[in-house]
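Here is the structure we will look at.
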Amino acid sequence: MGLLSFRDVHVEFARKGRAPVHAVAGVDLDLEEGEILGLVGESGCGKSTLARAGVGLMPLSGGEVVFDGEPIRHVRGRARPERERKLQMVFQDPFASLNPRRRIGEQITDALRGHASRQERRRRAGALLEQVGLEARDAPRYPHQFSGGQRQRIAIARALAPEPRVIVADEPVAALDASIQAQVANVLVELRRDLGLSILFISHDLSLVRHVCDRVAVMYLGRIAELGPTASMWRLPLHPYTEALIRAVPHPEQVGVAPSGLPGEVPDPADPPDGCVFHPRCPYAHDACMPEHPSLRTVGDARQVACVLHEPGGQARRPEEAARA
Ligand code: SF4
Ligand code: MG
């Protein structure tokens, strides 16, 4: 069992007069101690909802999230239990997450109020700023005096103050200039190395995920389609959706070649297709895909995939193979 475990997690949003949206539909996922686990998928696939559920910011409609052996309880408007301070989140927008009127040093150490003296907090703020590649003497400055990348470093420093074991980072560099995205992502890689942090890294940018993550979970319409070590997934994607996502990443050597995108749109999560929810967009869809959505099953020793092609005898049912037989 991982340090942070999602067990058959469901999240539904009620909508007035309409069917509820099943944003997360039965996710099993383990973030292991000291790893960076990527969570990828198109926008609207449920990544952010799953992330928020993982830190107790979103009520579950089924299943549970277990942190360090104990279930997380969603508590609205009340202080989180002490234990859950070890589970921190970094959001996409560093502009919205910092208060423009307060000095960054004070904001970074807010979590230490009542736990450390003023002098100790000042010392910690300086050390945390240095840990994320800024300087201790930046502490008395205000957010507007920093660039977007520096502000996200400040937000990361603030998440580090309670000495977390897990950081859930939801598109932490998506709002930044492309030229500095890798630098800020590298801050997280260094923190994992230096502090042994476990990081759930949510992104729609596959080249970044490939560079940063040990393992990757691919999400589609609220479900995990595939999970496995980054390198082997890139070498041989098993799920047709993973295959299409990887194929859509532009290659630097193929200047001028348009990436091949996926056909069709992501369906409405309130009204998912019958059978395998990916079937309307899948080039390999066939009869065996229709009775129900395939469950995630282990293939080889470290990979998991939810697709009938990888069930026993499944390859033989692949349409073009069947035609050739
Ligand atoms: Fe495609 Fe069928 Fe696999 Fe779904 S189960 S991904 S429709 S081949
Ligand atoms: Mg999102």
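Here, each number is a calculation from the coordinates, and none is a lab measurement. Nothing here was measured: the structure is a model prediction, and the numbers come from that model. FYI the Cβ positions are ideal-geometry reconstructions off the backbone, even for glycines, and counts take in every protein chain you see.
So that you can scan it fast, the table gives a plain yes or no per residue for (1) among the hydrophobic types (A, V, I, L, M, F, W, C); (2) more than 25 Å from HIS204 (Cα to Cα); (3) surrounded by 17 or more Cβ atoms within 10 Å (Cβ to Cβ):
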site: VAL9; (1), (2), (3): yes, no, yes
site: ARG15; (1), (2), (3): no, yes, no
site: ASP30; (1), (2), (3): no, no, yes
site: SER43; (1), (2), (3): no, no, no
site: VAL75; (1), (2), (3): yes, yes, no
site: GLU82; (1), (2), (3): no, yes, no
site: MET89; (1), (2), (3): yes, no, yes
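Results for (1) of a type in the set (Asp, Glu); (2) assigned to a helix (DSSP H, G or I); (3) touching a His at 6+ places or on another chain (Cβ under 9 Å), shown as yes or no for each residue.
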{"position": "ARG153", "(1), (2), (3)": "no, yes, no"}
{"position": "ALA174", "(1), (2), (3)": "no, no, yes"}
{"position": "GLN183", "(1), (2), (3)": "no, yes, no"}
{"position": "LEU191", "(1), (2), (3)": "no, yes, no"}
{"position": "PHE201", "(1), (2), (3)": "no, no, no"}
{"position": "SER207", "(1), (2), (3)": "no, yes, no"}
{"position": "ILE224", "(1), (2), (3)": "no, no, no"}
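Filter the stretch 127-148 down to the residues that are free of Cβ contacts under 8 Å to residues at least 60 places away in the same chain, surrounded by fewer than 19 Cβ atoms within 10 Å (Cβ to Cβ) and assigned to a helix (DSSP H, G or I) and list them by number.
ALA127, GLU130, ALA136, ARG137, HIS144, GLN145, GLY148
Tally the residues that are among the acidic types (Asp, Glu) and within 15 Å of ligand 1 (Cβ to nearest atom), restricting the search to the stretch 207-250.
Final tally of qualifying residues: 2.
Within the bounds of the stretch 65-84, is there any residue that is among the aliphatic types (A, V, I, L, M), within 16 Å of ligand 2 (Cβ to nearest atom) and within 30 Å of HIS144 (Cα to Cα)?
no
Exactly one of these conditions fails for HIS204: (1) within 16 Å of ligand 2 (Cβ to nearest atom); (2) crowded, with 22+ Cβ neighbours inside 10 Å. Give me its number.
Going through the list (1) within 16 Å of ligand 2 (Cβ to nearest atom); (2) crowded, with 22+ Cβ neighbours inside 10 Å, HIS204 breaks only (2).
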